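Read-outs throughout are calculated quantities, based only on the coordinates presented, and are distinct from any laboratory measurement. Note that this is a predicted model, so its numbers are computed, not measured. Every residue, glycine as well, gets a Cβ built from its backbone with ideal geometry; the counts of neighbours run over all protein chains shown.
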Amino acid sequence: MATRAEKTEILKKDLLQLRNYNRPTICPECGGIMVFKGVGEYACEDCGYRDYDDYGKVRNYLEKHDGATAAQVSAATGVTQHAIRDMLKESRLEIASNSKAFLKCERCGASIRSGRFCPKCEMNYHRDIEDRMRMERNTNVSGYRSDLTDRNENP
């Protein structure tokens, strides 16, 4: 049976491979494991030190500086503009309502505040996926049924 120290070392090695949005995994103060607390915030399970991933840094900055541009946020937080754009496309962030900047819908080009599609295209996108899945399921089911029919006809 592994000791607590051995388990901690295994976790540290595993966590070092998880580097999305620069998530803090190892406490810079004591070397303990950083545990997710929510909304981009992490706390060390040993000493209680608090740190933030890129999303947490951006979110905290925007709460204090409403309407800041991606360039301003990037300069203040050290988070790349590319990562900020990705957060917008993932709908983790939304462009302020008073902003003149917009994202474009990937299907029709309409102006949107977050995500990849406008509401109309998002609905159509999901319907297209559902239709393809139905067709695939029907193809598989009908192929399966014909196999059963052939077996029953030719014993």
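A few points about this structure:
- Cross-link reach is defined here as a Cα-Cα straight distance under 16 Å, omitting same-chain residues fewer than 8 places apart; for Lys100 the aspartates and glutamates meeting it are Asp66.
- Note on the stretch 56-112: with charges restricted to the Cβ of Lys and Arg (+1) and Asp and Glu (-1), its dipole about the Cα centre is near 80 debye.
- Using C-alpha pairs below 8 Å separated by at least 6 residues, the relative contact order for the stretch 56-112 is 25 percent.
- Proportion of all alpha-carbon pairs of the stretch 16-78 beyond 14 Å (%): 57 percent
- Gain on full extension, evaluated as 0.36 nm per residue between Asn138 and Thr8 minus their Cα-Cα distance, stands at 41.9 nm.
- About the Cα centre, charge dipole magnitude for the stretch 22-105 (Lys/Arg +1, Asp/Glu -1 at Cβ), debye: 440 debye
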